[in-house]
């Protein structure tokens, strides 16, 4: 599933990817999204599901004919802070503007500042409904970059910050591979993963999402650790040293260095999380007694 014009040349290349849509916080626009099958890399022809330019729906609820309302028909887009989070960041129907767009899987998502009010990287999906029957689900990441005009902004880190920290901002800088080392979806995944660790490790205090986690320094380092470990695993899997005409090539030999740096940064993150959660837990214990100066009744 590719998104935006700059992704059109990637159709059919490397399936099994989770694509990323990026927008500014509080943006109001009809966001153009092109749906591509995440398993095959092929365009999703919406006309196969009787979705044409005239059949886009304005309903945002999953209704049924038994309720007296028309069943959902079209492409419904949902975004959440976490998989288990409620309520939704938004849950709205996309528009299909032309028959040609329908054939090419192009939808337009009508977003206002209400739907884009929170910054962060969110889990999202496009669900294709054919007259009330769910036919396809295409997951993706949604990044809403923070608006610094707003007061009291807390977090989150952005994909641009992560790329800057590891100097992976453009192909020209990576003159050896002539490409960015990490795709947008990999950076998005690495940003969210440390928050999953925070929420799952005991004690279960101070639950956060990628939209409101306040400890940006350690969070950024943890995301880099995830990326380096990911790259190390890939390098190790594809490592094959060879020699030809007196020339030896070991282009994946850096996997051990990547693995060590990544594991060191992840270990630092885990130690910090343990200490910070202990601190929060102790503070919460004192608060429940009214503070250490509180006179306990006898």
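Any read-out appearing in this document is the output of simple, stated calculations on the displayed coordinates, not a laboratory observation. From a predicted model like this one, the values you see are computed outputs, not experimental measurements. Please note: Cβ atoms are built from the backbone with ideal geometry, for glycine as well, and neighbour counts cover all protein chains shown.
General remarks:
- In range of the label at residue 52: residues from region 95-120 whose backbone nitrogen is under 16 Å from the point 7 Å along Cα→Cβ: 96-105
- Viscosity 1.306 mPa s, temperature 10 °C, Stokes-Einstein D of region 101-141 from Kirkwood C-alpha radius, µm²/s: 128
- Subtracting the Cα-Cα distance of residue 217 and residue 250 from their residue separation scaled by 0.36 nm leaves 8.4 nm.
- Global form of region 159-288, assessed from the alpha-carbon gyration tensor, a/c cut-off 1.5: prolate
- FRET E, pair residue 148, residue 242, Förster distance 51 Å, beta-carbon r, rounded to 0.05: 0.50
- Rounded to the nearest 0.05, the FRET efficiency derived from the C-beta distance between residue 181 and residue 39 at R0 = 25 Å is 0.50.
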